[in-house]
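Engineer: Quick one: the structure is below, questions incoming.
Where a number appears in this text, it was derived from the coordinates with a stated rule and is not lab data. None of the values given here were measured: they were computed from a predicted structure. Here the Cβ positions follow ideal geometry from the backbone for every residue, glycine too, while neighbour counts run over all protein chains shown.
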Amino acid sequence: MNLLWLIPAFPIAGFLFLALAGTRLSRRAVSIVGAGSVGLSALVSLWIAGQFFVSPPAGYAYTQTIWNWLDVGSLHLPIAFYLDPLSLIMTLVVTCVGFLIHVYSAGYMSEDEDISRFFAYMNLFVASMVTLLLASNLVLLLLGWEGVGLCSYLLIGFWYRDPANGYAGRKAFIVTRVGDTSMLIGLFLLYRHLGTLDIQTLMARAAHQWPVGSPLAVAAGLLLLGGAVGKSAQLPLQTWLPDAMAGPTPTSALIHAATMVTAGVYLIARMHVIYQLAPSAQFTVGVVGAATLTLAGFSALTQPDIKRALAYSTVSQIGYMFLALGVGAWSAAIFHFMTHAFFKALLFLGAGMIIESLHHEQNMFKMGGLRKELPVVFWTFLIAGCALAGVPLVTAGFYSKGLIVWQAEASSAGRWGFWLVAVFGVFLTSAYTFRIIFLTFFGEAKSHVHKRPGLAMTVPCIVLAVLSLVGGFVKTPEFLGNIHLFTDFLHHALPPVAVAHARAMSELASEGWVTLALIVGFAVAYFCYIERPEFTASLTRSALGNALHRFWKSDWGMDWLYDRLLVWPVMWFARVDAGDAVDSIYTGIARLCEWFYQGVRRTETGQIRWYAAAIAFGTLIFVAVVLFL
Amino acid sequence: MNILFYVASAVAIIATFLMLTRMNAVHALLYLIVSLLAVALVFYTLGAPFVAALEIIIYAGAIMVLFVFVVMMLNLGRAAEAQEREWQRPSLWVGPSVLAVVLIAEVIYVLTHADTRMFGAEVVGPHQVAQSLFGPYLIGVELASMLLLGGLVGAFHLGRRLEEKR
Amino acid sequence: MMLVWLIVILLAAGVVAWLGGRRSAAWARWVSLLAVLADLIWAVAFWLRHPAQAEILPQGHWLAQFNVAWVPQLGIRFHLAMDGLSLLMVVLTLFIGVMAVLCSWREIQTGVGFYHFNLMWILAGILGVFLAVDLFLFYFAWELMLVPMYFLIAIWGHERRVYAAIKFFIFTQLSGLLMLLAILALYFIHHRATGVYTFEYSALLGTPLSQRTALLLMLGFFVAFAVKLPMFPFHPWLPDAHTEAPTAGSLILAGLLLKTGAYGMIRFVIPLFPQAAHQFAPVAMTLAVVGILYGAVLAYGQRDFKRMVAYTSVSHLGFVLLGIFAWNTLALEGAVVGMIAHALSTGALFMLVGQLYERTHTRDLTRLGGLWSTAPVLSGVGMFFMLGSVGLPGLGDFVGEFLVLLGTYRLHPILTALATVGVLASTFYGVQMVQRAFHGPNVHQWKIADLKGRELLIMAPMIALLLWLGLYPLPVLKTFAPAWKGLERTTRSLTAAARR
Amino acid sequence: MATVPMMHALLLAGILFALGLVGLLTRRNILFILMSLEVMLNAAGLAFVAAGARWGQADGQVVFIFILTMAAAEVAVGLALVLRMYHRTKTLDADRASEMKG
């Protein structure tokens, strides 16, 4: 277990190596170093996980201090890693899925001239992400947090020659940093009132010092939530994620689907004590999740771009996780994070293969009939899609999402409204998922497949497909074997959900409704895109339909609103004041002197006679003054 | 003797006035010399024979000769006279004249309110002048000699550069 | 005694470089380089020999000092002394000095001797400022560094150099005169109270002053340092001076001259007038926050690369000022780290702009773009320092800003929150700079040589130090800690005495 | 020797001075300006001598001698300058030599 530091160390080494010497290596060597470093890190985490299961450390937590980072007055911040079931599971998923995506990237990016830069960024990302997860104090967590944000920015703008990519990258960086600002203030508040930034000490002190409902806890909870919604693209800061799809597809899979965007979920789960002390903040988390999952679901329904549709789907699914956090179903959120990492990564990888096969075509309405052309892609994509929609019994998504939907009501913090929204969300998910599948793989072929993915790309997909199928069997509902391996393990780090048995509906009933919503969603998608596509087309052409379509497609007009409310005023001010208004005060003084000088200057005519006259006149006045006054 | 003073004064004033209104530089110089000679006479009547002599020798003699030389070197002819006439517009006289009249008025005002004693007709001869010049005013003499040296060097320098340029 | 040698070596090297520089430019360069290097090595060795003292030095006892009478009739002494704070600043000065000599190696081709003379004398002046504890000597050194800086800008600067140099001079000189007035007033008030004429720092501490006088004198010092820092409404000289100065000039301005302002605040303004400063703190902190935001937004609006970097300085030094007036352990440690980190990251950005300018002959960001494809190392280095500038955790600036904000929060949560927004605002200009210069399409078909040799030699230590400061700032923190304890104890006892 | 009121001698000095001043102010030709200057200096000397005579002291004459010296030096340098100026600008117009114009 004392190999813990190796998990981030390998990717960092990979990054340094690639950054310093990457351009001198062959593409193959770059891929090997890039994927290998993450592979080693995945191996180490698997080894540590094994050890953890076999002989768990005392208290199910292990801390490793690397060195003393900041030590000022009462502030002690070591670079230290903290391993408990929560961070272990997250780390495992990040390194393993990360490794698979790195392997995939070796195929996907093999033609790109900047492959070494790509792998350098990706390695740096994995290192930062792992640091984020393993950090024992909030500042180290922030280091990882900003690190992943940076990598996200760099990778979205990876193809920097196109200004649009750069714009998307900047937007992602800035919007997430808006959230980070709130989180930083939250950190200050926590340190001010609890006197430490070590997460575990913080939790203990908070539970000890703050009563339930304490305003400080609420403030801290809301401020941290601000950071979380920024990173996890939740309302109201979700606008960056769809644009982030400008990056290479493996990046979208790794960063903007599987790992980084769930950092907000991790943060809230990590700081769950604060939220337990602040029910109103926790309720806000739930509301944010519920609102996001619906709004993003509608937006996903209207996107023509396959990656953007998936991006909105990601936003929506993270909304589920937030909803789970909001009702205190901590383990359910992490469970959904894990299964989502599998199937959403797979969906993106599949989308990447499709896009590459079709000359970088991303518009789904120009695809179609790819079922026969790309069978491996089709089957893995279908599995992932079913998992996303939550097809009962066989897919991982069914178990994780079903758990969230049920606990949205059954938990003691749950509410009927949450449950309704969650079930409606299942309908939306199912509808947009099958819309994507139908548009891409069914119907007639509209474009030509010019290239088929190689083994490096298909093998990771198959592994992920398997995981998307079986990954859910670690926690099944009561009526289906009642396995709770996953939740039991997590309960060493996170409190179990408090089920309000008195009023709770049965798990079976909830799952029944979920299945029904799923089928309705499927039926709607089938009707709209296979049975009667012309009806859909006419619907979007009608006045109301068109307006609604545009409104949803533009993400409920949020970008528009933010541009006008926030972005433009700042830009306007920067442009207008580029010359620095304060400077004009000083130049104004200078101008005044200049003006005065101009006045006095006129008396200096350079003519002797003028001076003589002035002297004479002066004397006259002087004598007159002496004589008559 | 008094009459001599007033006549000399009148000559000095008239000659100076005429000097001012001449357009030809040589004519003006001649009137200036007349004015200086008249002033020398005034000095004499005031009992200062030594400075009267100096006035004639140095002012009317040496300094005016310098002027004459310069006028000759500049070789001013009729064209210069015409130009002079063009420069001297009548309106130009007004302002300075007013200024001068006011000045005189002030002087008269001062003089009428001041000491009106007559001069004792006492001659202060060269001997006394020399005694105070080389007695209490010795430093002044040294300074004056330095000034003259400065003027000499300056004039020489300015003149020499002119030669080279030519 | 060594402290004098530090300064004398630089002064002498300046003269030798000037005299020898008439014959051979290389001679001037090598003499300057060796002199600064020798100083640097001595300073670092001293630092290593005196690791962070656990014990706090009693008042008037320093790590090293040199004290002889200078003008005894007026109570002026030539008194240099060094504590942890000065030590850090001295090491920083000499390090930046080495960088300054190296980065003008190729850029300066005219008047090389005189140039290095000025460079050496500026450095000597700055060392004097950091070491002097006699207020008269301090003022002397303060002025000593201005004049050569003026020449540096006015002779070797860019297009509008004379304007910038005069602006710089007028701003700093006027504010310096205010400080001189305050120093003299303090001197006479001290004499009236004790009958002793002295400019000695430790003697003047705790001079009994009425509240009004203290506030006025404090403002005299404060304005001088605030102009140098520069604080918000006093900043307009800085963008001009930074932009027009040669690379080494910008480096020294940003890296060192601004730090003399912050150093003055820590060493003089608050310890000499603790109560007045405490009274004034909300105003200063508000102005600091305004500066943070204003500088960041203006940096965003600039087209000139150097001007942009200059405005970021206004923003960064706002954090330092905020930390200083918070006057607690966290904030002060943060301010000191912030000063050093700013010297590294902004200094490096200026050097980078200089290198870019040598290649492209433009500083207009809208005319650059897409440089990554032709000069990846240069662009990568630029990106790195941009990240430092926007306060990415793991790099020096973050440590400084974080500690400052953490320390300030307990006093003024609202101001701290606004300053935190400043961290966000720094992202605006940071990413825009990278986009305009390095990313995007290479519209203007730039084909430029990448960094190599000497340039890499300059950049590598800057990168390493910024990382070191971000990941292991303990040596710096520990060096400053005892000095801070002493300062804090002084102000606390003075405040307590004044209360009684 | 004459016995006139001192006032009259001083009045003469005043009139001569005023005339010189008028000349100084009205003439554009630099030669005339110099001549007017001579008149004014002379008038000042006259005032000194008159005052000296009033007290029967030599001091007034001494000062006159100093004034004389100064006038000589002034004329020497002044005329040299006139020559220089004439060769540079080909004119004696004092207004043309206005390089000191602010």
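Engineer: Rg/Rh for the range C:294-444: what does it come to with C-alpha atoms and Rh from Kirkwood?
Structural biologist: 1.02
Engineer: Test of the criteria: in the range D:10-102, which GluC sites (Glu not before Pro) are in a DSSP loop and have at most 14 other Cβ atoms within 10 angstrom of their Cβ?
Structural biologist: Here the GluC sites (Glu not before Pro) that fit, given the DSSP loop and packing criteria, are D:Glu99.
Engineer: Hey, can you grab everything whose amide H is under 5 Å from the amide H of A:Gly368? Only 5+ residues off in sequence or another chain; H modelled, so Pro and N-termini drop out.
Structural biologist: A:Lys446
Engineer: While we're here: Taking Cα pairs under 8 Å and at least six residues apart, what relative contact order does chain A come out at, in percent?
Structural biologist: Dividing the mean separation by the residue count of chain A yields 12 percent.
Engineer: Now, a different point. Which angle between 0 and 90 degrees, to the nearest 10, do you get for helix C:146-156 versus the longest principal axis of chain C when only C-alpha atoms count?
Structural biologist: Taking the Cα atoms of chain C, the angle to C:146-156 is about 10 degrees.
Engineer: With θ set to phi - 60°, apply the Karplus curve 6.51 cos²θ - 1.76 cosθ + 1.60 along the range C:246-259 and write out the HN-Hα couplings as whole Hz, x wherever there is a Gly or Pro.
Structural biologist: For the range C:246-259, the Karplus-derived couplings read x, 3, 5, x, 4, 4, 6, 4, 6, x, 10, 4, 5, 5 Hz, x marking Gly and Pro.
Engineer: With contacts defined as alpha carbon pairs under 8 Å and 6 or more residues apart, what's the relative contact order of the range D:14-102 in percent?
Structural biologist: Reported relative contact order: 28 percent.
Engineer: Kindly give Rg over Rh for the range A:8-80, based on alpha-carbon atoms, with the Kirkwood expression for the hydrodynamic radius.
Structural biologist: Ratio value, two decimals: 1.15.
Engineer: Round to the nearest 0.05 the FRET efficiency obtained for A:Arg575 and C:Gln173 when R0 = 45 Å and r is the Cβ-Cβ distance.
Structural biologist: Values: r = 33 Å, r/R0 = 0.74.
Efficiency at R0 = 45 Å is approximately 0.85.
Engineer: If we count other beta carbons within 10 Å of each Cβ, what is the order of A:Val130, A:Val33, A:Val288, fewest first? Mind showing how you got there, number by number?
Structural biologist: On the way: A:Val130 31, A:Val33 22, A:Val288 25.
In order of increasing Cβ crowding within 10 Å: A:Val33, A:Val288, A:Val130.
Engineer: In 10 Å bins starting at zero, report the fraction of Cα pairs in the protein assembly as shown per bin as a rounded %.
Structural biologist: Result, from short to long distances: 1, 8, 13, 15, 13, 11, 10, 8, 6, 5, 4, 4, 2, 1, 0, 0 percent.
Engineer: Same structure, new question: Hydropathy first: keep DSSP H helices in chain D averaging at least 1.6 on Kyte-Doolittle, then drop any whose Cα extent along the axis falls short of 18 Å, and list what survives.
Structural biologist: Passing helices, by number: D:6-26, D:30-55.
Engineer: For chain D, compute Rh as the Kirkwood radius over C-alpha pairs and then the Stokes-Einstein diffusion coefficient at 4 °C and 1.567 mPa s; write the answer in µm²/s, rounded to an integer.
Structural biologist: It comes out at roughly 85 µm²/s.
Engineer: So, one more: Ranking request for peptides C:365-373, B:29-37, D:25-33: highest mean number of other beta-carbon atoms within 10 Å first, then the rest in descending order.
Structural biologist: Numbers: C:365-373: 19.4, B:29-37: 21.6, D:25-33: 23.2.
Per-residue mean Cβ counts within 10 Å order the peptides as D:25-33, B:29-37, C:365-373.
Engineer: Pull up the cross-link candidates among the lysines for D:Lys90, meaning alpha carbon to alpha carbon under 30 Å and not fewer than 8 places away within one chain.
Structural biologist: Here the lysines satisfying the reach criterion relative to D:Lys90 are B:Lys165, D:Lys101.
Engineer: Which ³J(HN,Hα) values, rounded to whole Hz and listed in residue order, are derived for the range C:68-84 from phi using the Karplus coefficients 6.51, -1.76 and 1.60 in 6.51 cos²θ - 1.76 cosθ + 1.60 with θ = phi - 60°, glycine and proline given as x?
Structural biologist: 10, 6, 10, 10, x, 4, 9, x, 8, 10, 8, 10, 9, 8, 10, 10, x
Engineer: Return the loop-located trypsin sites (Lys or Arg not before Pro) in the range B:32-139 (DSSP other than H, G, I, E, B) with at most 13 other Cβ atoms within 10 Å of their own Cβ; answer none if there are none.
Structural biologist: B:Arg117
Engineer: Put a dot 7 Å past each Cα toward the Cβ at B:Ile14 and A:Ile530; how far apart are the dots in nm?
Structural biologist: About 13.7 nm separates the two model spin labels.
Engineer: At most 14 other C-beta atoms within 10 Å and a DSSP loop state: those are the exposed GluC sites (Glu not before Pro) I care about. Give me the longest piece of chain C that has none.
Structural biologist: It runs C:160-500.
Engineer: Under a 5 Å amide H to amide H cut-off, with H placed in plane at 1.01 Å, what residues pair with A:Thr65 once short-range neighbours are removed?
Structural biologist: A:Phe81
Engineer: Helix by helix, which DSSP H runs in chain B go 27 Å or more along their axis at the Cα atoms and have an average Kyte-Doolittle hydropathy of -0.5 or more? Numbers along the way, then the final one.
Structural biologist: Values: long enough: B:2-21 (29 Å, 2.05); B:25-45 (30 Å, 2.23); B:91-112 (32 Å, 1.95); B:138-165 (41 Å, 0.79).
Those that pass (Cα extent of 27 Å or more, hydropathy at least -0.5) are B:2-21, B:25-45, B:91-112, B:138-165.
Engineer: Here's something else I'd like to know. List the aspartates and glutamates whose alpha-carbon lies under 14 Å from that of A:Lys451, not counting same-chain residues fewer than 8 positions away?
Structural biologist: A:Glu111, A:Glu356, A:Glu361, A:Glu373
Engineer: Scan the range A:51-148 for GluC sites (Glu not before Pro) in coil per DSSP, keeping those whose Cβ has at most 13 other Cβ atoms within 10 Å, and list them by number. Each step should come with its number before you reach the end.
Structural biologist: On the way: sites: A:Glu111, A:Glu113, A:Glu146; in loops: A:Glu111, A:Glu113.
Sparse-neighbourhood loop GluC sites (Glu not before Pro): A:Glu111, A:Glu113.
Engineer: Hey, rough spin-label estimate for A:His492 and A:Trp67, points 7 angstrom out along Cα→Cβ, what's it come to in nanometres?
Structural biologist: 3.1
Engineer: Turning to a different aspect of this structure: Return the FRET efficiency for the residue pair A:Arg503, A:Val54: r is the Cβ-Cβ distance, R0 is 56 Å, and the value is rounded to the nearest 0.05.
Structural biologist: Once the sixth-power term is evaluated, E becomes 0.85.
Engineer: Here is a follow-up. Suppose R0 equals 30 Å. What FRET efficiency, 1/(1 + (r/R0)^6) with r the Cβ-Cβ distance, do D:Gln57 and B:Arg85 give to the nearest 0.05?
Structural biologist: The calculated FRET efficiency here is 0.05.
Engineer: By how many degrees, between 0 and 90 and to the nearest 10, does the Cα long axis of helix A:581-601 differ from the longest principal axis of chain A?
Structural biologist: Approximately 10 degrees, to the nearest ten.
Engineer: Hull surface divided by four, with the convex hull built on the Cα atoms of chain A: how many nm²?
Structural biologist: Orientation-averaged projected area of the Cα hull: 43.5 nm².
Engineer: Taking the 0 to 90 degree range and rounding to the nearest ten, how far is the long axis of helix A:543-553 tilted relative to the main principal axis of chain A, both from C-alpha atoms?
Structural biologist: 80
Engineer: Residue by residue through the range C:128-135, which ³J(HN,Hα) values in whole Hz follow from phi under the Karplus form 6.51 cos²θ - 1.76 cosθ + 1.60 (θ = phi - 60°), with glycine and proline marked x?
Structural biologist: x, 4, 6, 9, 5, 10, 9, 5
Engineer: Do you know the relative contact order of chain C, to the nearest whole percent, from alpha carbon pairs under 8 angstrom that are 6+ apart? All intermediate terms of the calculation are to be shown ahead of the outcome.
Structural biologist: Numbers: 877 pairs, mean separation 77.6, N = 500.
About 16 percent, as a whole number.
Engineer: Please give every one of the lysines within straight-line cross-link reach of C:Lys167, meaning a C-alpha to C-alpha distance under 22 Å, and leave out same-chain neighbours fewer than 8 residues apart.
Structural biologist: Hits, sequence-local ones excluded: C:Lys228, C:Lys259, C:Lys306.
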